[in-house]
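The values are calculated or read from the model by the stated rules, or taken from the named source; none is laboratory data. Just so we're clear, the structure is a prediction, and the values are computed from it rather than from any experiment. Here Cβ is always computed from backbone atoms with ideal geometry, including for glycine, and neighbour counts include all displayed protein chains.
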């Protein structure tokens with residue numbers, strides 16, 4: 001089973017995974033032969049790559065992910081609704097959103113188990129429209145995995161999960177035309193995107209009254225261990241540990257995802273970059289614990 005770019009060459013090949021629509025419903029089943037009409041429909045939903053099974057290849061179970069297929073299909077839809085509630089001017093609606101968020105975080109903490117039998121070798125191929133929410137779920141799951149390896153107790157795992165689910169909340173306030181631009185961003189566009197850290201922090205702290213650490217991660221997740229990040233240029237242990245964890249998970253999941261301006265990178269490339277940037281961009285202790293699951 002392998003990942004292929006969704007183009008005309010994919011027609012006639014059999015899907016190696018189930019594909020879901022933006023409502024979490026099944027779009028196409030595993031083993032479906034991709035026809036011409038499937039191809040355009042898959043593109044419309046927002047997939048840029050798919051898993052395919054080569055002829056005569058034995059059937060393979062997609063078990064190399066740390067959260068269930070059901071969770072990956074349905075929870076991003078729930079998170080999208082939660083984000084909408086948290087942006088409401090109605091305090092009761094915001095309160096309902098926070099309760100729903102707590103349930104999602106608690107569910108992920110229960111589901112993720114660091115005692116993986118095999119390395120996580122399955123890429124979570126995302127729909128472009130729902131990237132923000134699918135990405136947040138994955139980042140939260142990987143963050144919990146690292147937290148477990150750091151021997152966090154349940155309450156710390158819960159707070160870490162909350163932080164990871166909301167760290168990119170400020171992206172909602174950025175012009176979608178910039179975020180979905182198919183080419184590289186120019187300097188002014190990049191500066192605009194960088195504002196998402198402060199915008200997320202301001203909204204979560206002042207409008208939603210989230211825990212301080214949750215808002216802090218929204219602000220700090222682009223800070224870098226060597227001080228080269230933004231918005232402040234913090235370095236080392238001055239950056240909250242949750243932010244250092246989320247930074248690693250954010251990079252890994254984003255790098256192995258299709259984006260408007262590039263195709264996804266392989267797991268091997270992502271792991272290689274993390275190792276190369278350990279003690280530079282990323283906290284070496286966090287990278288070391290994350291890598292434990294790729295060295296089996």
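Observations, loosely collected:
- Restricting segment 163-184 to residues that are part of a loop (DSSP other than H, G, I, E, B) and without any contact (Cβ under 8 Å) to a residue 60 or more places away in the chain leaves a set whose member that is farthest from residue 216 (Cα to Cα) is 175.
- Conditions (1) modelled with pLDDT of 95 or more; (2) surrounded by fewer than 17 Cβ atoms within 10 Å (Cβ to Cβ): number failed by residue 204: (2)
- Residue match in segment 160-173 (condition: at pLDDT 95 or above, under 24 Å from residue 257 (Cβ atoms) and surrounded by fewer than 17 Cβ atoms within 10 Å (Cβ to Cβ)): yes
- Take the conditions (1) in a loop (DSSP other than H, G, I, E, B); (2) out of contact with any strand residue (DSSP E or B) (no Cβ under 9 Å at 6 or more places or on another chain); residue 197 misses just one of them, which is (1).
- Test: residue in segment 259-270 that is under 17 Å from residue 169 (Cα atoms) and in contact (Cβ under 8 Å) with a residue 60 or more places away in the chain: no
- Residue tally, condition within 20 Å of residue 279 (Cβ to Cβ) and part of a loop (DSSP other than H, G, I, E, B), over segment 208-231: 10
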